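Read the structure below first, then the notes.
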Amino acid sequence: MSTTGGNTLTPASQRSWLYKNRIKLAPWMFLLPGLIFFFIYVIAPIFQSIWISFFAWDGLGEKEWIGTANYIELIDDDRFYTSLINNVWWLVLYMLAVPVGLAIALFLNQTVTGIRLYKSLFFFPFVISQVVVGLIFTWFYNPDFGIVGIVWGWFGAQPPAILADEDLVTFGIILAGLWPQIAYCMILYLTGLNNVSPDQVEAGRLDNAKGWKMLWYVILPQLKPATFIAVVVTVIGALRSFDLIAIMTQGGPYGSSNVLAYYMFETALSEYGFRMGYGSAIATVLFLIMLVYISFFLWRMYQDERG
């Protein structure tokens with residue numbers, strides 16, 4: 001043991017394991033509170049929901065073990081299949097937000113007069129609540145005083161009642177959801193475009209790359225991280241769509257606009273349900289679908305990084 005300026009220095013061999021590994025442990029100490037809350041409020045409820053799906057339970061009384069009966073009932077549930085098909089439509093059409101968001105971001109990345117105003121207008125849908133979006137489009141679709149009714153009236157035609165039509169209602173709600181989702185993808189791509197290497201762009205110009213060639217071979221490869229996040233967030237948003245359906249139709253007419261998330265709520269928590277086990281089975285199916293999609297995109301990203 002030695003002293004320096006009156007301070008006692010402990011030899012390295014006698015220092016504790018915590019002291020020797022303090023640099024490695026410091027990040028984990030900062031992450032620990034977040035990890036604890038993530039486990040309590042995300043991971044644990046997932047497994048709890050899966051466990052409850054094997055019971056018949058009203059949320060208050062005793063649980064009754066019924067095994068896979070809830071999942072067997074799903075096989076013969078027409079409303080479940082309607083919700084599943086609607087989720088597929090959401091997933092397919094919601095992906096339009098990615099290329100449209102990219103196109104708007106490319107436009108807004110230009111230096112033109114009034115570009116700040118354009119950015120504000122395109123950014124606006126992202127900052128407003130989904131409830132507000134649902135109310136706005138409910139008014140738009142109203143055949144009596146909405147924009148749809150006014151436009152149809154110009155041509156002397158009878159306006160469609162989109163939210164009351166079993167064949168149109170799902171597509172009308174998806175269109176409403178695309179409005180803020182496109183704005184979100186646009187923001188991701190604008191951030192990515194700010195990180196595009198000007199040296200690579202200049203090298204592409206020297207190789208006579210213009211227009212689509214510049215976009216495809218120079219710009220898009222550098223936007224892969226933004227594209228990955230946009231796709232994952234859009235997929236999750238499509239599969240867990242709930243707010244707009246609750247505001248605009250509440251699953252109607254006759255359950256034709258239901259999706260898995262809203263059907264789960266309707267079955268487990270609404271005044272028509274209190275079947276926690278059956279609702280948990282629906283939630284488990286939705287979770288597995290999301291898990292498959294997210295795992296696929298993560299695997300593709302890993303393969304691209306290795307390549």
Could you tell me which residue of segment 243-267 is modelled with the lowest pLDDT, considering only residues that are hydroxyl-bearing (S, T, Y) and closer than 14 Å to D165 by Cβ?
-> Y254
Kindly establish whether L244 is in contact with a Gly (Cβ under 6 Å, 6 or more places away or on another chain) and surrounded by 19 or more Cβ atoms within 10 Å (Cβ to Cβ).
-> yes
If V133 satisfies every condition in (1) surrounded by 14 or more Cβ atoms within 10 Å (Cβ to Cβ); (2) more than 30 Å from L190 (Cα to Cα) but one, which is the exception?
-> (2)
Hits in segment 249-307 - residues which are in contact (Cβ under 8 Å) with a residue 12 or more places away in the chain and among the acidic types (D, E) = E266, D304
Within segment 71-110, tally of residues that are over 26 Å from T249 (Cα atoms) and assigned to a loop (DSSP other than H, G, I, E, B) = 2
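Looking only at segment 111-139, how many residues end up being of a type in the set (G, A, S), assigned to a helix (DSSP H, G or I) and under 23 Å from F242 (Cα atoms)?
Within segment 111-139, the first condition is being of a type in the set (G, A, S), and the residues that meet it are 114, 120, 129, 134.
From the residues that got through so far, the ones that are assigned to a helix (DSSP H, G or I) too are 120, 134.
From what's left, under 23 Å from F242 (Cα atoms): 134.
Matching residues across segment 111-139 total 1.
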Would you mention how many residues in segment 218-236 are small (G, A, S) and in a loop (DSSP other than H, G, I, E, B)?
-> 0
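When you go through D58, D78 one by one, which is the residue that is exposed (fewer than 14 other Cβ atoms within 10 Å of the Cβ) and over 18 Å from the mean Cα position of the chain (by Cα)? Walk me through it before giving the result.
Values: D58 fails: exposed (fewer than 14 other Cβ atoms within 10 Å of the Cβ).
Exactly one of D58, D78 is exposed (fewer than 14 other Cβ atoms within 10 Å of the Cβ) and over 18 Å from the mean Cα position of the chain (by Cα), namely D78.
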Name the pairs whose Cβ atoms lie under 6 Å apart, with the first residue in segment 100-122 and farther than 19 Å from G211 by Cβ, the second assigned to a helix (DSSP H, G or I) and among the aromatic types (F, W, Y), and 6 or more positions between them or separate chains?
-> G101/Y189
Can you name the number of the only condition in (1) aliphatic (A, V, I, L, M); (2) touching a Leu at 6+ places or on another chain (Cβ under 9 Å); (3) surrounded by fewer than 17 Cβ atoms within 10 Å (Cβ to Cβ) that L291 fails?
-> (2)
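For segment 266-284, how many residues are in contact with a helix residue (DSSP H, G or I) (Cβ under 9 Å, 6 or more places away or on another chain), surrounded by fewer than 19 Cβ atoms within 10 Å (Cβ to Cβ) and at negative phi? Walk me through it before giving the result.
Step one: of segment 266-284, the residues in contact with a helix residue (DSSP H, G or I) (Cβ under 9 Å, 6 or more places away or on another chain) are 266-269, 272-284.
Among the residues that remain, those that are also surrounded by fewer than 19 Cβ atoms within 10 Å (Cβ to Cβ) are: 269, 272-274.
So of that shortlist, the ones also at negative phi come out as 269, 272-273.
Summing the residues that are in contact with a helix residue (DSSP H, G or I) (Cβ under 9 Å, 6 or more places away or on another chain), surrounded by fewer than 19 Cβ atoms within 10 Å (Cβ to Cβ) and at negative phi in segment 266-284 gives 3.
Filter segment 179-220 down to residues that are of a type in the set (G, A, S) and crowded, with 19+ Cβ neighbours inside 10 Å, then give me how many there are.
Taking segment 179-220 first, the residues of a type in the set (G, A, S) are 183, 192, 197, 203-204, 209, 211.
Imposing the further condition that a residue be crowded, with 19+ Cβ neighbours inside 10 Å reduces the set to 183, 192.
Number of matching residues: 2.
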Quick count over segment 253-307, residues being closer than 28 Å to K63 by Cα and basic (K, R), is 1
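Would you mind stating whether V92 is over 19 Å from E266 (Cα atoms) and surrounded by fewer than 11 Cβ atoms within 10 Å (Cβ to Cβ)?
Working: over 19 Å from E266 (Cα atoms): yes; surrounded by fewer than 11 Cβ atoms within 10 Å (Cβ to Cβ): no.
For V92, the condition - over 19 Å from E266 (Cα atoms) and surrounded by fewer than 11 Cβ atoms within 10 Å (Cβ to Cβ) - is not met.
The values are calculated or read from the model by the stated rules, or taken from the named source; none is laboratory data. From a predicted model like this one, the values you see are computed outputs, not experimental measurements. Ideal geometry is used to build each Cβ from the backbone, glycine not excepted, and the neighbour counts take in all protein chains shown.
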